[in-house]
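Written below as structure tokens is the structure these notes are about.
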Amino acid sequence: MTIKKFQGKTKEEAIEKAKAELGEEAVVMNVKEITPKGLFKSFKQSTFEITAAIEEKESRADTGMALKNMQNMQKTHETINMAADEPISIPAVTAPAASAAIDQNKAEQSAIEFLKRNASLLKKEDEADQRIEEKLENLQSILEKQLAANGKKETEEKEPPKPETKKNENLSFIKVLYETLISNEVNEKYVNQVMDELEKVNWNGNSVDYILSNVYQKIILKFGQPTGIGLTGKKPKVVFFVGPTGVGKTTTVAKIASKLKVDQGKRVAFLTADTYRIAAAEQLRIYANILDTPLVIIYSAEELNNGIEQLENYDVILVDTAGFSHKNRGQKDDIQNLIRSVDPRYDSEVYLVLSATTKYKDLMEIVDVYKEISDYKIIFTKLDETTTYGNILNIKLYSGAEVSYITNGQNVPDDIELFHSQKIVKRLLGGT
């Protein structure tokens, strides 16, 4: 006898599978509905498992043979004339027929015992399945309790911490802010100013986010709102670019000229007074040819207004000057005379170009010297060559001058932008 289990979405489907494999004579011995377990049981459907059995072919053949012999015996009995006077002699059943009957009895008895044993096994399997189901139910119960406990814990964590704990956390955070600003080379004097201003707010009773937001906003306010080159409509506007040697003045002039002409559609002209540096005028001439703008070269302050008159039909004239050491008094006086010689009928402004890689002490001396020459706005270059931006804030607070543009590479016209205070402050506070 063969016994197998079959599963299906319905009881009928499982029975069909059993008959398809075992044949139409298969007998269903047990039907069990399997209900889904686990946290997602509500999304699953029950399945059905049946246990089916069928007798082996040899057993059926033996049974058929035995039944046939018994039918032959019955026919033999039916041929006896029960009314005869002579002694009746009933033919004995032949040994093979008797043997077949015995084998049939044994086969039936064996089948019954087999069914009993398998029924016992089925019962044990059902009990094992029941135990597994109980374990799964217990596991589910444990998981549900654990999830509930975690939810409660999260709720408790969201509850306001004790005042003393919150105060300690805020103190630790303020210390981290202090160290971050110092590591970005913000001068300690200005870091302390920020911390002193923070003392005026109730930081003990506020969140860390509030403290960070407060510091962020205060530093942004210190930088102020940057402005670029403003064209009022009066032509031409004369813009001077001054600063130490090697800070990238000529490249910066070319970048701004490209932005004004390409992005704003302004008519731009170049004028250079940098006759000290070898090939300085030639470098600017290359940019002028690329941008298709005129270039005028002057050699003294007296020639400035004459050069401006040649370009008076243009919207803006960008004047490149010679770089010099802030310790060189003679060159300082030359630049001062050049700027002051502009005819009052022309609007003019000055931009001091500084490198973000210069030491703070040197930057202070530079801005002091150029303050004697003229008021100015600041352009910081070479931000791509440093990982700290503290000097931008330091010089802004030290000089009081507006930070107008920043550059972060040599590419013309791409690597320049109007100063973005939010972006710099994020970096000062440890962001990216």
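The values are calculated or read from the model by the stated rules, or taken from the named source; none is laboratory data. Source: prediction; values computed, not measured. Cβ placement follows ideal geometry from the backbone for every residue including glycine, while neighbour counts extend to all protein chains displayed. Accessible surface areas use protein heavy atoms only, side chains included; no ligands, DNA or RNA. Shrake-Rupley method; radii C 1.70, N 1.55, O 1.52, S 1.80 Å.
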*If a residue has to be in contact with a Ser or Thr (Cβ under 9 Å, 6 or more places away or on another chain) and either open to solvent by less than 10 Å² (accessible area, probe 1.4 Å) or not in a helix (DSSP H, G or I) (or both) to count, how many in the range 391-408 make the cut?*
7
*the range 261-284 residues that are more than 30 Å from Gly330 (Cα to Cα) and crowded, with 24+ Cβ neighbours inside 10 Å, paired with ones that are of a type in the set (Lys, Arg) and at pLDDT 90 or above (beta carbon under 9 Å, 6 or more apart)*: Val268/Lys261
*asked:* Anything in the range 368-385 that is outside any helix (DSSP H, G or I) and either of a type in the set (Lys, Arg) or open to solvent by less than 10 Å² (accessible area, probe 1.4 Å) (or both)? List them, or say none.
replied: Lys377, Ile378, Ile379, Phe380, Thr381, Lys382
*helices (runs of 4 or more DSSP H) wholly in the range 269-365 with at least 1 residues that are within 14 Å of Val242 (Cα to Cα) and among the acidic types (Asp, Glu) - which ones?*
329-340
*Show the residue pairs that are 6+ apart or on different chains and have beta-carbon atoms under 8 Å apart, the first residue being within the range 383-395 and under 12 Å from Val367 (Cβ atoms), the second being open to solvent by 30 Å² or more (accessible area, probe 1.4 Å) and in a helix (DSSP H, G or I).*
Asn391/Tyr360; Asn394/Tyr360; Ile395/Tyr360; Ile395/Met364
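Would you check if Lys175 is modelled with pLDDT under 75 and not polar (S, T, N, Q)?
It is false that Lys175 is modelled with pLDDT under 75 and not polar (S, T, N, Q).
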*Output the residues belonging to the range 304-324 that are out of contact with any helix residue (DSSP H, G or I) (no Cβ under 7 Å at 6 or more places or on another chain), of a type in the set (Asp, Glu) and open to solvent by less than 70 Å² (accessible area, probe 1.4 Å).*
Asp315
*Search result, residues across the range 171-195 that are open to solvent by less than 80 Å² (accessible area, probe 1.4 Å), touching a Leu at 6+ places or on another chain (Cβ under 9 Å) and part of a helix (DSSP H, G or I)*: Phe173, Ile174, Leu177, Thr180, Leu181, Tyr190, Val191, Gln193, Val194, Met195
_Residue list for the range 16-29, filter: under 13 Å from Ile54 (Cα atoms) and either open to solvent by 40 Å² or more (accessible area, probe 1.4 Å) or touching a residue at least 60 places away in the same chain (Cβ under 8 Å) (or both)_ = Lys19, Ala20, Glu21, Glu24, Glu25, Val27, Val28, Met29
*Only residues that are modelled with pLDDT under 90, within 28 Å of the chain's Cα centre (by Cα) and buried (at least 17 other Cβ atoms within 10 Å of the Cβ): list them for the range 409-426, please.*
Asp415
*asked:* As an exercise: evaluate Asp334 against (1) more than 14 Å from Ser374 (Cβ to Cβ); (2) open to solvent by 20 Å² or more (accessible area, probe 1.4 Å); (3) of a type outside the set (Phe, Trp, Tyr) and give the number of the one condition it does not meet.
replied: (1)
*Only one of (1) assigned to a helix (DSSP H, G or I); (2) within 39 Å of the chain's Cα centre (by Cα) fails for Thr388. Which number is that?*
(1)
*Considering Lys19, Lys57, Lys32, Lys4, which residue is of a type in the set (Lys, Arg) and at pLDDT below 80?*
Lys57
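The rows are residues; the columns are (1) in a helix (DSSP H, G or I); (2) in contact with a helix residue (DSSP H, G or I) (Cβ under 7 Å, 6 or more places away or on another chain).
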position: Glu197; (1), (2): yes, yes
position: Ser213; (1), (2): yes, no
position: Ile219; (1), (2): yes, yes
position: Lys222; (1), (2): yes, yes
position: Leu231; (1), (2): no, no
position: Phe241; (1), (2): no, yes
position: Gly246; (1), (2): no, no
position: Lys255; (1), (2): yes, no
position: Lys261; (1), (2): yes, yes
*Restricting attention to the range 376-425, which residues are in contact with a strand residue (DSSP E or B) (Cβ under 6 Å, 6 or more places away or on another chain) and among the aromatic types (Phe, Trp, Tyr)?*
Tyr376, Phe380, Tyr405, Phe419
*Being assigned to a helix (DSSP H, G or I) and either within 22 Å of Tyr360 (Cβ to Cβ) or without any contact (Cβ under 8 Å) to a residue 40 or more places away in the chain (or both) is the filter here, so list the residues in the range 409-432 that pass it.*
Ser421, Lys423, Ile424, Val425, Lys426, Arg427, Leu428
